[in-house]
1. So which of Thr203, Thr183 ends up being surrounded by 16 or more Cβ atoms within 10 Å (Cβ to Cβ) and either closer than 21 Å to Met50 by Cβ or not polar (S, T, N, Q) (or both)?
2. Within the range 48-67, identify whether any single residue is small (Gly, Ala, Ser) and under 28 Å from Ala210 (Cα atoms), and answer yes or no.
3. Give the residue that is nearest to Thr230 (Cα to Cα), with candidates limited to residues of the range 1-55 that are of a type in the set (Lys, Arg) and not in a helix (DSSP H, G or I).
4. Could you tell me whether any residue of the range 92-102 is part of a helix (DSSP H, G or I) and either out of contact with any helix residue (DSSP H, G or I) (no Cβ under 9 Å at 6 or more places or on another chain) or aliphatic (A, V, I, L, M) (or both)?
5. Quick check on this structure: which one of Asp244, Asp167 is in contact (Cβ under 8 Å) with a residue 40 or more places away in the chain and not polar (S, T, N, Q)?
6. Among the residues of the range 85-128 satisfying the criterion of being touching a residue at least 60 places away in the same chain (Cβ under 8 Å) and charged (D, E, K, R), which is surrounded by the most Cβ atoms within 10 Å (Cβ to Cβ)?
7. For Gln215, state whether it is closer than 18 Å to Ser26 by Cβ and in contact (Cβ under 8 Å) with a residue 60 or more places away in the chain.
Amino acid sequence: MQTLIEISNLNLYYSSVHALKNVSLSIPEKAITAFIGPSGCGKSTLLRTMNRMNDMIPGTRIEGKLTIGGTDIYSNEVDVETLRKKVGMVFQQPNPFPKSIYDNIAYGPRLHGIRNKKQLDEIVESSLRAAALWDEVKDHLKRSALSISGGQQQRLCIARALAVNPDILLMDEATSALDPISTLKIEELTQELKNRYTIVMVTHNMHQAARVSDQTAFFLNGEVVEHADTEKLFSNPSDQRTEDYISGRFG
């Protein structure tokens, strides 16, 4: 698998708190990479470095290098808005805009200058199809996005991220607020999406990481303890701390 995201000796500080410590990681394209580890170990912090969401937190300082497709995304030449178009994100809680289903999907394309109604219609349909939601909402596109179920709202948020044609989809515990049936639908969806997108997911659910990811990285106290093919990491971890965590001795 070809590397798309390369992280080298990355350190991140929130004021005096050293949140990420010398993280080096290669993330392959068109695959699912899962980040696991106990709460507060740096998983979501690292995820947010990939689309520079941490820039919004006062006192954040980053050292080291993070490249996507060979481009250093922390270089002064990088336009953050363009970066976030290429690196979409889905959060823990579904967060649709208080607009219609249609306008939620069309929002991003309109922001990037697409005004043609036929083109927007096509983007809305293809994005909802990609998120396995089209058949459920195609007759209700003018309804408020807040009127559909939580699981549907989360798939709508995935469709909204896909509407601007990203390369990477970041999923920050995207199923943790959902019921088991909705969780399964989104897990199945990720298996289809990885043929077209690079997916990086943070999950507190080790079974989910084992089920859906191709590679897994285990985090502890802001460090990457181990990163390997998922099957190897779960069946034959190299580090005793990984073994202790996945066998439930702590966490």
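1. Only one candidate qualifies: Thr203.
2. no
3. Result: Lys30.
4. yes
5. Going through Asp244, Asp167 in turn, the sole match is Asp167.
6. Restricting to residues being touching a residue at least 60 places away in the same chain (Cβ under 8 Å) and charged (D, E, K, R), the top hit is Lys85.
7. Yes: the conditions hold for Gln215.
Conditions tested, residue by residue: (1) among the small types (Gly, Ala, Ser); (2) over 18 Å from the mean Cα position of the chain (by Cα); (3) closer than 22 Å to Leu20 by Cβ.
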position: Ser182; (1), (2), (3): yes, no, no
position: Leu189; (1), (2), (3): no, no, no
position: His207; (1), (2), (3): no, no, no
position: Phe219; (1), (2), (3): no, no, yes
position: Ser247; (1), (2), (3): yes, yes, no
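No value in this document is a laboratory result; all are computed from the given coordinates. Please read these numbers as outputs of a predicted model, since none were measured by experiment. Every residue, glycine among them, receives a Cβ derived from its backbone with ideal geometry; neighbour counts consider all protein chains shown.
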